[in-house]
1. Say whether the condition of being out of contact with any Pro (no Cβ under 9 Å at 6 or more places or on another chain), on the phi > 0 side of the Ramachandran plot and not polar (S, T, N, Q) is met by at least one residue in the stretch B:308-315.
2. Quick test of your reading of the structure: A:Leu17 fulfils all but one of (1) hydrophobic (A, V, I, L, M, F, W, C); (2) closer than 15 Å to A:Pro76 by Cα; (3) free of Cβ contacts under 8 Å to residues at least 60 places away in the same chain. Name the failing condition by number.
3. Quick check on B:Ala281: is it open to solvent by 40 Å² or more (accessible area, probe 1.4 Å) and over 24 Å from B:Ala91 (Cα atoms)?
4. I want to confirm something. Restricting to the stretch B:62-89 and keeping residues that are out of contact with any helix residue (DSSP H, G or I) (no Cβ under 6 Å at 6 or more places or on another chain) and either of a type in the set (Asp, Glu) or within 16 Å of the ligand (Cβ to nearest atom) (or both), which single residue is farthest from B:Gly49 (Cα to Cα)?
5. Taking the stretch B:364-381 on its own, how many of its residues are touching a helix residue (DSSP H, G or I) at 6+ places or on another chain (Cβ under 8 Å), surrounded by 15 or more Cβ atoms within 10 Å (Cβ to Cβ) and not aliphatic (A, V, I, L, M)?
6. Can you spot a residue in the stretch B:352-363 that is open to solvent by 60 Å² or more (accessible area, probe 1.4 Å), assigned to a helix (DSSP H, G or I) and free of Cβ contacts under 8 Å to residues at least 12 places away in the same chain?
7. Can you tell me which of B:Thr239, B:Thr189, B:Thr210 is closer than 28 Å to B:Thr172 by Cβ, touching a residue at least 12 places away in the same chain (Cβ under 8 Å) and touching a Pro at 6+ places or on another chain (Cβ under 8 Å)?
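The values are calculated or read from the model by the stated rules, or taken from the named source; none is laboratory data. None of the values given here were measured: they were computed from a predicted structure. FYI the Cβ positions are ideal-geometry reconstructions off the backbone, even for glycines, and counts take in every protein chain you see. Surface areas here come from the heavy atoms of the whole protein model, side chains and all, with no ligands, DNA or RNA. Shrake-Rupley method; radii C 1.70, N 1.55, O 1.52, S 1.80 Å.
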Amino acid sequence: MVKIAVLVKMAPDVTQLKIDPTTLAPRMEGLPWKVSDFDKNAIEAAVKLKEKGQATKITAYTFNGGPNALNLIKEPLAMGCDEAVVLTGPDTDGSGIARVLAEAIKKDGADLVFAGEMSIDRIAGEVGPRVAALLGMPSLVNTQEVLGVEGGKLKATRDGEPAETVEVALPCAATFNDEANKPRLPALMQILGAGKKPIRQVKTSDLGIADATLARKMAMTGNKAPKQERKNILFTGTDAAEQLAAALKKEGVA
Amino acid sequence: MQFQLTEDQRAVRDMVREFAAKEIAPVAAKHDREHSFPMATAKRMGELGLLGITVPEQYGGPGADYVSFALVAEELAVADASHSVIFGANASLSVGPILNFGNEAQKQRYLPGLSSGAILGCYALTESQSGSDAGSLTTTARKEGEHYVVNGAKQFITNGGVADLCVLFARTDSASKDAKGVSAFLVDTKTKGFKVGRNEHKLGLNASYTNQLFFEDMVLPKEALLGREGEGFKIAMATLDTGRIMAAAGSTGIARAAFEASVAYAKERKQFGRPIATNQAIQWKLADMDVTIEAARNLYLKAAWLRDQKQPYTHAASRAKLFASEMAMKATIEAVQIHGGNGYTKDYPVERYMRDIKIFEIFEGTSEIQRLVIARHVVGA
Ligand SMILES: Cc1cc2nc3c(=O)[nH]c(=O)nc-3n(C[C@H](O)[C@H](O)[C@H](O)COP(=O)(O)OP(=O)(O)OC[C@H]3O[C@@H](n4cnc5c(N)ncnc54)[C@H](O)[C@@H]3O)c2cc1C
């Protein structure tokens, strides 16, 4: 009976992000939200384990996933998660988010906690390992391939040259990036069946977490895209190619 | 009025959009160039539940509605028209007759396989001397005791060369010359006497096979009859009504691909020191495409919605098919124009769109036949 908790963040689709040319701030209005990419690698790893018969139940947890969270959570369900817990509460920082997720998982119980290595919008990479710490679990990062769960241990390889093979005693946590696997496209049957799977809505107050304790200790005070300065050098003449090559060499490009 | 897709419809569309962009678009030009059937991606369409999208769960399908079905046809066509047609020949032309007119045994026998892609289907109505006037077909199915013996030939049959199942229309009443004597059959293509002829060399739609089929004393058990004797023409026409929604949606998809390529190119390509998109002459072409694509989409969605509401939709489907295919023909011609000389080469996809779209004005009822159908609704029969 191996239960897997998967952490799923809903994030704005940054591939569609436009930068305001004057303020250099990202334009967030109107951006569609989606399941953060690396979290799909975590879901895929969990679903594969279940297909191998080495996990029995997969629960997806998301916290403050925006107004469309209840709908977006259907994608993890379509991919093969059995149920979802949609958590809401006050705006908080990485440590607060990890606390909320850890409390929810503690209540339900889990032998494995899978998460994306980082989110597509904040790229902080802190929540997975923080949740592991709060739950007192060993934390495997840069997980490449999950070899299986056997004898109370998670066997996996870690990204690297050469790849490491590791065994981690359960319960444990692991984070994944896009090198780990290829997340599946759910078939129509799964997409249309996802709405029938249980979704629990839980508030942070239901978990006994006082709002005040979630107050941000870290806040973003500015966010500007790097200025793209172009050199605008024009090479002319019959040896323009040579001039360009020489200039590139000088810059250390070639 | 609820003027928006349901969450399920949107989820289906988004999945197919991703599938088409990631798995079909990268191989589309290659299959077009090599005139090869895209078996791998066709099977993937089955795995994803597209090939029997409207088949209810009890017969192994996902049981989606016709709005979703149409959205799939558009999304596939954005990546590749051939895939959209391969989808349609299966999900609409083969599944439809069985779903709507088959008996329980026939549904159980064929629908799970058609849904999963384990078997592919084709729909054989047209003959060399019987196209728009489909009721005049001359392939015969002569009853002999417990069997039918089929002789004749079919022409232009999509998926004909790769199909495992053929929905075949043949004349059971040898005395009749018109639509009344036609019956429909479900034929295993491995049946003795079933022969596949050449795959036509076409202007476009190269990745979709279009075959001649020959029947030489082909013996069918009486269980192969679909519906009742003499009901064949009704089955054929009812099937084409839904097929027209699919053709309209596919046309919309091709036009969208041409439009998106044109917008990108017009913003990028510079002449006279500025992007060609800054010329009103180009902007107006793009504006016309934008409007007519949206109009076509609304027409096919309306027809699909009517079908889902179990309301009459023949007129709506004809309107959608006629408008969308002619709109898309114009849009792809303009797309090549906007691309200039590049548009005429195979380095850019728009010449393929222009070749692929033409057939949408011809199959599933030509534009002239659509006007005939529409006029009948307008001025009465
Ligand atoms: C790529 C491709 C795929 C196809 N797939 C299939 C398939 O899967 N199954 C199948 O059964 N068939 C299929 N067809 C056949 C297709 O449906 C026919 O080609 C179409 O119905 C037109 O018939 P026809 O070619 O005989 O043209 P004709 O009927 O000979 O028409 C020639 C011209 O005359 C016009 N015309 C005919 N009658 C009238 C009239 N009464 N009033 C005004 N104008 C008229 C037509 O509109 C057309 O412009 C396919 C064809 C192609 C090319």
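1. Narrowing the stretch B:308-315 to residues out of contact with any Pro (no Cβ under 9 Å at 6 or more places or on another chain): B:308-315.
Retained after the next criterion (residues that are on the phi > 0 side of the Ramachandran plot): B:310.
Keeping just the survivors that are not polar (S, T, N, Q) gives B:310.
Yes, some residue in the stretch B:308-315 is out of contact with any Pro (no Cβ under 9 Å at 6 or more places or on another chain), on the phi > 0 side of the Ramachandran plot and not polar (S, T, N, Q).
2. That leaves (2) as the condition not met.
3. Values: open to solvent by 40 Å² or more (accessible area, probe 1.4 Å): yes; over 24 Å from B:Ala91 (Cα atoms): yes.
Judged against the criteria, B:Ala281 is a match.
4. Among those residues, the one meeting the criterion is B:Ser82.
5. Residues of the stretch B:364-381 touching a helix residue (DSSP H, G or I) at 6+ places or on another chain (Cβ under 8 Å): B:364-365, B:367, B:370-371, B:373-374, B:377.
Filter once more, so that each one left must be surrounded by 15 or more Cβ atoms within 10 Å (Cβ to Cβ): B:364-365, B:367, B:370, B:373-374.
Now narrow it down to the ones that are not aliphatic (A, V, I, L, M): B:364-365, B:367, B:370.
Residues in the stretch B:364-381 being touching a helix residue (DSSP H, G or I) at 6+ places or on another chain (Cβ under 8 Å), surrounded by 15 or more Cβ atoms within 10 Å (Cβ to Cβ) and not aliphatic (A, V, I, L, M): 4 in total.
6. Quick first cut of the stretch B:352-363, residues open to solvent by 60 Å² or more (accessible area, probe 1.4 Å) only: B:354, B:358, B:362.
Next, only the ones that are assigned to a helix (DSSP H, G or I) stay: B:354, B:358.
Right, trim to free of Cβ contacts under 8 Å to residues at least 12 places away in the same chain and you get none.
No, the stretch B:352-363 has no match at all.
7. Details: B:Thr189 fails: touching a Pro at 6+ places or on another chain (Cβ under 8 Å); B:Thr210 fails: touching a Pro at 6+ places or on another chain (Cβ under 8 Å).
The match here is B:Thr239.
Residues are listed down the side, and each one gets a yes or a no for (1) within 14 Å of another protein chain (Cβ to nearest Cβ); (2) among the aromatic types (Phe, Trp, Tyr); (3) assigned to a strand (DSSP E or B); (4) free of Cβ contacts under 8 Å to residues at least 24 places away in the same chain:
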site: A:Ala132; (1), (2), (3), (4): no, no, no, no
site: A:Leu140; (1), (2), (3), (4): no, no, yes, no
site: A:Gly148; (1), (2), (3), (4): no, no, yes, no
site: A:Lys155; (1), (2), (3), (4): no, no, yes, yes
